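Peer 1: The following block contains the structure, expressed as structure tokens.
A short reminder: the numbers here are calculations on the coordinates, not readings from a lab. What you see is a predicted model; the values in this text were computed from it and never measured. Positions of Cβ are backbone-derived with ideal geometry, glycine not excepted, and every protein chain shown enters the neighbour counts.
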Amino acid sequence: MLDHLSLLLLDAALIAVFFAFLWKSDGAARWRYFWKVFLALSLGAIAIGWLMYPFPRS
Amino acid sequence: MAAKGSPAKAPAAARLPLAVLMAAAWLVPGLGHLLLGRRQRAAVFAAVIATAFFVGLALDGELILPRAGDPLSYLAAIANLGSGVLFFVAKLAGLGDGVVTAASYEFGNTFLLTAGMMNLLLVLDTHDVAVGKKAW
């Protein structure tokens, strides 16, 4: 089984590919958009997880 | 001049009513774009959605159906049903029951919900391309 970070990165990559092809029509723009979405999802999830550390689990 | 990557013509889609085209797009991920002549995008969309769906199943995710007293399950069911034929085949094969105690259960759900919602967006995109709102 993949660890949680790998799964997060895989999901972010799939979503980024999807939206890059959905919203951009040429190759260069797709690459730029892919990286924007991928980094936003990955780093955003890590940042939100880090910010949630102070909150109790139950 | 046609946009880069746009098809010269879409003969199959030209003969199909819009509702049928959208239904095809929902049932089989990527089929709507394929019928519109967007072969590359159709292949990518089909691969992405199928990958997300099967990873979700492999991670013990659940294909959620509506449950009485659980309003969020209705939203999840709509998202899961968005996967079209993948949902029905998996259900018929006895897959997607979900293992709540599995460490990957929530991740599996996330992949399954993502796959369904991406396919629902494809249905809308198929509509936009078919009616000419989107040129490529």
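Peer 1: Helix B:39-58 against the longest principal axis of chain B: what's the angle in degrees, Cα atoms only, rounded to the nearest 10?
Peer 2: The angle comes out near 0 degrees.
Peer 1: Obtain the nm distance between the two label points defined at residue B:74 and residue A:5 by a simple spin-label model: each point lies 7 Å from its Cα along the Cα-to-C-beta direction.
Peer 2: 4.1 nm
Peer 1: Which whole number gives the average count of other chain Cβ atoms within 10 Å of the Cβ atoms across peptide B:103-111?
Peer 2: Other-chain Cβ atoms within 10 Å of each residue's Cβ, averaged: 3.
Peer 1: Can you compute the helix-only [θ] at 222 nm over chain A? Use -39500 (n - 2.57) per DSSP H run of at least 4 residues, normalise by all residues, nearest 500 deg cm²/dmol.
Peer 2: -27000 deg cm²/dmol
Peer 1: Now a separate question. PRE reach from residue A:57 (point 7 Å along Cα→Cβ): which of the range B:103-119 fall under 18 Å by backbone N?
Peer 2: Flagged as within label range: B:103-107.
Peer 1: Local charge sum around residue B:73 (other residues, Cβ-Cβ under 11 Å, Lys/Arg +1, Asp/Glu -1)? Display every interim value, and only then the final one.
Peer 2: On the way: positive: B:67; negative: B:62, B:70.
Counting the neighbours of residue B:73, the net charge comes to -1.
Peer 1: Can you tell which of A:2, A:55, A:15 lies farthest toward the positive end of the dipole of chain A, using +1 and -1 charges on the Cβ of basic and acidic side chains (Lys, Arg; Asp, Glu)?
Peer 2: Farthest towards the positive end: A:15.
Peer 1: Rounded to the nearest 0.05, what FRET efficiency do residue A:29 and residue B:51 have when you use their Cβ-Cβ distance and R0 = 30 Å?
Peer 2: So the FRET efficiency works out to roughly 0.85.
Peer 1: Enter the mean number of other protein chain beta carbons within 10 Å of the beta carbon of each residue in B:44-52, as an integer.
Peer 2: Taking the mean over all residues of the peptide, I get 4.
Peer 1: Please arrange B:127, A:4, B:33 by counting, for each residue, the other beta carbons lying within 10 Å of its beta carbon, fewest first.
Peer 2: Neighbour counts put them in this order, fewest first: A:4, B:127, B:33.
Peer 1: At 0.36 nm per residue, and after removing the present C-alpha to C-alpha distance, how many nm does the segment from residue B:88 to residue B:131 gain when stretched out fully?
Peer 2: The residue B:88-residue B:131 span can extend by a further 12.6 nm.
Peer 1: Which order do the peptides A:36-48, B:105-117 take when ranked by the mean count of other beta-carbon atoms within 10 Å per residue, highest first?
Peer 2: The most tightly packed comes first, giving B:105-117, A:36-48.
Peer 1: Please give me the summed charge of the neighbours of residue A:40: other residues whose Cβ is under 14 Å from its Cβ, Lys and Arg +1, Asp and Glu -1.
Peer 2: Details: positive: A:32, A:36; negative: A:11.
Around residue A:40, the surrounding residues sum to +1.
Peer 1: Evaluate the distance, in nm, between pseudo-label points positioned 7 Å from the Cα of residue B:20 and of residue A:40 along their respective Cα→Cβ axes.
Peer 2: 3.8 nm
Peer 1: Also, I was wondering about something else. May I ask for the angle, rounded to the nearest 10°, between helix B:18-27 and the longest principal axis of chain B, with both axes built from Cα atoms and the value confined to 0 to 90°?
Peer 2: Result, in degrees: 40.
Peer 1: Also, I was wondering about something else. Under unit Cβ charges (Lys, Arg +1; Asp, Glu -1), what dipole magnitude, rounded to 20 debye, does chain B have relative to its Cα centre?
Peer 2: Values: 10 positive and 7 negative charges, 180 e Å.
Here chain B has a charge dipole of around 860 debye.
Peer 1: How many angstrom lie between the Cα centre of the range B:99-122 and the Cα centre of the range A:26-56?
Peer 2: The distance from the Cα centre of the range B:99-122 to that of the range A:26-56 comes to 18 Å.
Peer 1: Please list, ordered by chain and number, the residues whose modelled amide H lies under 5 Å from the amide H of residue B:62; skip anything fewer than 5 residues away on the same chain.
Peer 2: So residue B:62 has HN proximity to B:109.
Peer 1: About the Cα centre of the protein assembly as shown, what is the dipole size in debye to 20, counting +1 per Lys and Arg Cβ and -1 per Asp and Glu Cβ, all else neutral? Spell out each step's value before the answer.
Peer 2: Working: 15 positive and 10 negative charges, 203 e Å.
For this selection, approximately 980 debye.
Peer 1: Sticking with this structure for a sec: Aspartates and glutamates within cross-link reach of residue B:134: Cα-Cα under 16 Å, excluding same-chain residues under 8 positions apart?
Peer 2: Within the straight-line limit of under 16 Å, residue B:134 reaches these aspartates and glutamates: A:26, B:125.
Peer 1: Taking a ≥ b ≥ c as the square roots of the eigenvalues of the Cα gyration tensor of the protein assembly as shown, is the shape rounded (a/c under 1.5), prolate (a/b larger than b/c) or oblate?
Peer 2: On the way: a/c = 2.38, a/b = 1.43, b/c = 1.67.
It is oblate, given that a/c is not under 1.5 and a/b is not larger than b/c.
Peer 1: To test your reading of the geometry: what angle, between 0 and 90 degrees and rounded to tens, separates the Cα axis of helix B:71-81 from the longest principal axis of chain B?
Peer 2: 50 degrees
Peer 1: Here's something else I'd like to know. Where does chain B land at 222 nm, in deg cm²/dmol rounded to the nearest 500, when only DSSP H runs of n ≥ 4 count, each adding -39500 (n - 2.57), divided by all residues?
Peer 2: The helix contribution divided over chain B gives -19500 deg cm²/dmol.
Peer 1: Give me the net charge of residue B:102's neighbourhood, meaning all other residues with Cβ under 12 Å from the Cβ of residue B:102; Lys, Arg count +1, Asp, Glu -1.
Peer 2: Working: positive: none; negative: B:60, B:62, B:97, B:106.
Once all neighbours under 12 Å are counted, the net charge is -4.
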